[in-house]
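As structure tokens, the structure follows; a few thoughts come after it.
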Amino acid sequence: MSDWYERSFGEDYLLVYKHRDQRGARREVEKLIAWLNLPSGAKVLDLCCGMGRHSLAFAEAGYEVTGVDLSEVLLREAKRNDPKGLVQWMKADMRKLPLAGGFDAVVNLFTSFGYFHDDHEHVQVLREVARMLKPGGGFIIDYLNPAYTAAQLVPRSERVDGDQLITERRAIEDGYVKKHITITKADGAGEGADGGRSREYMERIKLYSKADFAVMLQEAGLILEQVHGDYGEDAYDPETSPRMILAGSCP
């Protein structure tokens, strides 16, 4: 049976997360460029690029960008949004990248980390980040802040998009934050847009603290240098910051 991340990043993901816009990505990329101190024309790897919002923002800012994701659906959407071919798009598993490296920066954004069961798999992802980077190259991992997430967790929410009712149920269980998504007809008929029964998906992220990341990054040969609390603030507070954005380098 396939893992959740192989099932959940399909056509319905585009529906559930379509509210995220390119303008927000541009603002975030401006901050990332400053934190990474990226020189003009630098090579950037967007690891788990999804629909490519940040990849395209980096490319439009003058960087040489490669966007990698496992989802063919999300990569198709990314390519559709890139008619000029500004970005090199590639399907790959982040634990084993078919690339030689040589990047000035690797970014992993919007909590695209913590997908797997075992810690060693997450360390392997970080080893791949280290392998991709030039000596002195920088990385950023934009991850959720565990304590803030637990405090602000909304157990259940619903919204309607067209004739689709999207129900999201959230919980923290066994060291993971889990989200169950159900999509049905808004009139309660229990059928999706394709005429089938309601569709259900799960997202599961392993909760790691700053101290956990420090250990894993060291094991992978990376140096943690700064932690930011959000794109609008530099200081990280483990209790109140919305995000935990880790920045560092490869020696």
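The values are calculated or read from the model by the stated rules, or taken from the named source; none is laboratory data. Just so you know, these numbers come straight off a predicted model, no measurement behind them. Heads up, the Cβs are rebuilt from the backbone with ideal geometry, glycines too, and the neighbour counts pull from every protein chain shown.
The set of residues in region 131-169 that are of a type in the set (Gly, Ala, Ser), surrounded by fewer than 19 Cβ atoms within 10 Å (Cβ to Cβ) and at negative phi comprises ALA147, ALA150, ALA151, SER157.
If a residue must be over 20 Å from ARG7 (Cβ atoms) and of a type in the set (Ser, Thr, Tyr), how many such residues does region 153-182 contain? Qualifying residue count for the region: 1. Tell me whether region 14-29 contains one or more residues that are part of a loop (DSSP other than H, G, I, E, B), under 13 Å from the mean Cα position of the chain (by Cα) and surrounded by 16 or more Cβ atoms within 10 Å (Cβ to Cβ). Among the residues of region 14-29, not one is part of a loop (DSSP other than H, G, I, E, B), under 13 Å from the mean Cα position of the chain (by Cα) and surrounded by 16 or more Cβ atoms within 10 Å (Cβ to Cβ), which makes the answer no. Taking the numbered list (1) of a type in the set (A, V, I, L, M, F, W, C); (2) in contact with a strand residue (DSSP E or B) (Cβ under 9 Å, 6 or more places away or on another chain); (3) at pLDDT 95 or above in turn, VAL160 passes all entries but (3). Only strands (runs of 3 or more DSSP E) whose full extent lies in region 43-122 are considered here, and none of them has at least 3 residues that are acidic (Asp, Glu) and modelled with pLDDT of 95 or more. None of LEU70, LEU74, LEU47, LEU36 is over 27 Å from ALA214 (Cα atoms), in contact (Cβ under 8 Å) with a residue 40 or more places away in the chain and either of a type outside the set (S, T, N, Q) or not assigned by TED's automatic domain parsing to the domain that holds ASP12 (or both) except LEU74. Yes or no: region 228-241 includes at least one residue that is among the hydrophobic types (A, V, I, L, M, F, W, C) and either part of a strand (DSSP E or B) or touching a strand residue (DSSP E or B) at 6+ places or on another chain (Cβ under 7 Å) (or both). Looking through region 228-241, none of the residues is among the hydrophobic types (A, V, I, L, M, F, W, C) and either part of a strand (DSSP E or B) or touching a strand residue (DSSP E or B) at 6+ places or on another chain (Cβ under 7 Å) (or both). All conditions but one from (1) free of Cβ contacts under 8 Å to residues at least 24 places away in the same chain; (2) more than 28 Å from TRP4 (Cα to Cα); (3) loosely packed, with under 14 Cβ neighbours inside 10 Å apply to GLU225; the one that does not is (1). Scanning region 95-140 for residues being within 14 Å of LEU36 (Cα to Cα) and among the β-branched types (Val, Ile, Thr) gives a total of 3. Beta carbons closer than 8 Å, at least 6 apart along the sequence or on distinct chains, pair a first residue in region 238-251 that is over 22 Å from LEU153 (Cβ atoms) and in contact (Cβ under 8 Å) with a residue 24 or more places away in the chain with a second that is surrounded by fewer than 18 Cβ atoms within 10 Å (Cβ to Cβ) and of a type in the set (A, V, I, L, M) for GLY248/ILE223; SER249/ILE223; CYS250/ILE223; PRO251/ILE223. Scanning region 27-37 turns up no residue that is in contact with a Ser or Thr (Cβ under 6 Å, 6 or more places away or on another chain) and not acidic (Asp, Glu).
Of note, MET94 satisfies the criterion of being in the same structural domain as LEU224 (by TED's automatic domain parsing), in contact with a Phe, Trp or Tyr (Cβ under 9 Å, 6 or more places away or on another chain), crowded, with 20+ Cβ neighbours inside 10 Å and under 19 Å from ARG127 (Cβ atoms). The number of residues in region 77-104 that are touching a residue at least 12 places away in the same chain (Cβ under 8 Å), of a type outside the set (Lys, Arg) and over 14 Å from GLU6 (Cα atoms) comes to 15.
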